[in-house]
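The structure appears right after this line, and notes come after that.
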Amino acid sequence: MRDVGEGVRDLLRGFGFWSRRPGVMALGLVPALVVAAVFAAALVALVIAVPTIATAVTPFAEGWPPFWSTLLRVGVAIATVGGALILAAVTFTAVTLIVGEPFYDRVWRAVEQDAGGDVPEQGPGFWRSAGDGVVLVVRGVGVAVIAWLVGLVPIVGGIAGTVVGVILTGRLLADELSSRALSARGYDRAARRRLLRANRSRVLGFGVATQLCFLIPLGAVAVMPAAVAGSTLLARRLLELSPASSPAAAPAPRG
């Protein structure tokens, strides 16, 4: 649990950059606001249409007693909205990082400079960032499907699906947000995953804390600059904890 708490503190340290670099952090709000407006419109449209969707995907329940058909369709509706929220959370991060590449590059560089040492010059570049974003979206779809299926379980499905979705999405967010700092040091996707797995508790603490903040209305917009800053500090700390690691041979998982 200590490592999980350290991951949460990495996010809190990211918020601390508002007092040190307020101008740079404020710029990080711009792409998040734009993407959030588009996503909010799409989610509102889904909520309006979800009763029709639930009925359309359960035609076999037409002859059931009203109580059971209603219960089934309410469950499908809740699972559908829950899965959409999880998918939105993951794709929001990917799309926002792609759209806001110049803004978040400035946040990342400011954190690197503040933390000390030279700023790595081997940046991931736009197309590399876009490719990582597409991979995140695909993985996010998989997480959303899993959460949706869990959400179909009677009675406990809604809660269980949300918990599963938050945990899995948190891991994905930590992976994506820390990719800039690690890619700039020569870590490809496979090497990044090995490094993150070696410190899974801390990574999960950061990712879940970020995801929970994203679930608050407008939380994703407000938290995005801090999440980028915190993930940079997280990446630097992971490298300090694994001094023998290299892009070619990150450490094996502990235990």
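The values are calculated or read from the model by the stated rules, or taken from the named source; none is laboratory data. Everything quoted here is computed from the prediction, not taken from an experiment. Cβ atoms come from the backbone with ideal geometry, glycine included; neighbour counts cover every protein chain shown. Areas reflect the complete protein model, heavy atoms only, side chains present, ligands, DNA and RNA absent. Shrake-Rupley method; radii C 1.70, N 1.55, O 1.52, S 1.80 Å.
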Candidates ILE216, ILE167, ILE146; GNM for the chain (alpha-carbon contacts under 10 Å) flags as most fluctuating ILE216
Could you compute the FRET efficiency for ASP188 and LEU212, with r as their C-beta to C-beta distance and R0 at 22 Å, rounded to 0.05?
0.15
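Restricting to DSSP H runs of at least four residues, report the calculated mean residue ellipticity at 222 nm for the chain, -39500 (n - 2.57) per run over all residues, nearest 500 deg cm²/dmol. Don't jump to the answer; show the numbers that get you there.
Details: 11 runs with 203 residues, N = 255.
Roughly -27000 deg cm²/dmol at 222 nm, from the helical runs in the chain.
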Can you list the GluC sites (Glu not before Pro) in the range 48-127 that are in a DSSP coil and have 10 or fewer other beta carbons within 10 angstrom?
GLU62, GLU121
Can you give me the angle between helix 125-151 and the longest principal axis of the chain, using Cα atoms only, in degrees from 0 to 90, rounded to the nearest 10?
40
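So for the chain, what are the equivalent ellipsoid semi-axes in whole Å, largest first, each being the square root of 5 times an eigenvalue of the Cα gyration tensor?
Details: eigenvalues 259, 78, 46 Å².
For the chain, the ellipsoid semi-axes come out as 36, 20, 15 Å.
Please compute the per residue accessible area over the chain with all protein chains in place, 1.4 Å probe, rounded to a whole number of Å². It would help to have the intermediate numbers written out before the result.
On the way: 12040 Å² over 255 residues.
Using a 1.4 Å probe on heavy atoms only, each residue of the chain averages 47 Å².
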Give me the angle, in degrees from 0 to 90, between the Cα long axis of helix 2-15 and the longest principal axis of the Cα atoms of the chain, rounded to the nearest 10.
80
Can you tell me the length gained on complete extension of the stretch SER201 to VAL44, counting 0.36 nm per residue apart and subtracting the Cα distance?
53.0 nm
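Counting only protein heavy atoms, what percent of the accessible surface of the chain is carbon or sulfur at a 1.4 Å probe?
Carbon with sulfur: 72 percent of the solvent-accessible area.
What is the extension gain from VAL34 to VAL138, computed as 0.36 nm multiplied by their sequence separation minus the C-alpha to C-alpha distance, in nm to one decimal?
Details: separation 104, 0.36 × 104 = 37.44 nm, distance 2.20 nm.
Full extension of this stretch gives 35.2 nm more.
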